[in-house]
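The values are calculated or read from the model by the stated rules, or taken from the named source; none is laboratory data. Bear in mind that the values here come from a model prediction, so they are computed numbers and not experimental data. Quick reminder, even Gly has a Cβ in these numbers, built from the backbone with ideal geometry, and neighbours come from all protein chains shown.
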């Protein structure tokens with residue numbers, strides 16, 4: 001569930017060059033049978049980037065169930081205290097009933 005990428009991303013309107021990008025799937029709908037990981041609706045990704053010799057840790061989206069997310073992070077030995085940023089990509093609009 002880990003992917004490596006080398007290239008550049010867009011940030012603040014200009015390209016940002018990365019030395020490396022590692023993507024780990026923390027949560028999604030499919031989980032192999034008899035694993036310690038918990039599945040859930042939605043997705044959560046853990047990004048680890050290397051830029052100018054600095055490592056950055058980013059949590060992208062959080063899925064739907066916080067207990068499943070925390071369980072999977074603990075299983076992968078990913079510490080919440082090490083996160084540099086959390087990015088939420090989905091906006092949910094709740095319309096009040098009349």
- Checked 59, 69 against criteria (surrounded by 13 or more Cβ atoms within 10 Å (Cβ to Cβ) and part of a strand (DSSP E or B)); the one match is 59
- Task: Would you confirm whether any residue within the stretch 22-33 is at pLDDT below 95, surrounded by 14 or more Cβ atoms within 10 Å (Cβ to Cβ) and more than 14 Å from the chain's Cα centre (by Cα)?
- Result: yes
- Note on the structure: Residue hits (the stretch 20-45; part of a loop (DSSP other than H, G, I, E, B) and in contact (Cβ under 8 Å) with a residue 12 or more places away in the chain) are 28, 29, 36, 37, 38, 39, 40, 41, 42, 43
- Considering residues that are surrounded by 17 or more Cβ atoms within 10 Å (Cβ to Cβ) and touching a helix residue (DSSP H, G or I) at 6+ places or on another chain (Cβ under 8 Å), the number found within the stretch 39-53 is 3
- Query: Picking from 98, 54, 74, which residue would you name as being on the phi < 0 side of the Ramachandran plot and at pLDDT 95 or above?
  - Reply: 74
- State all residues of the stretch 46-77 that are touching a residue at least 40 places away in the same chain (Cβ under 8 Å) and within 18 Å of residue 89 (Cα to Cα); if no residue qualifies, say none. 69
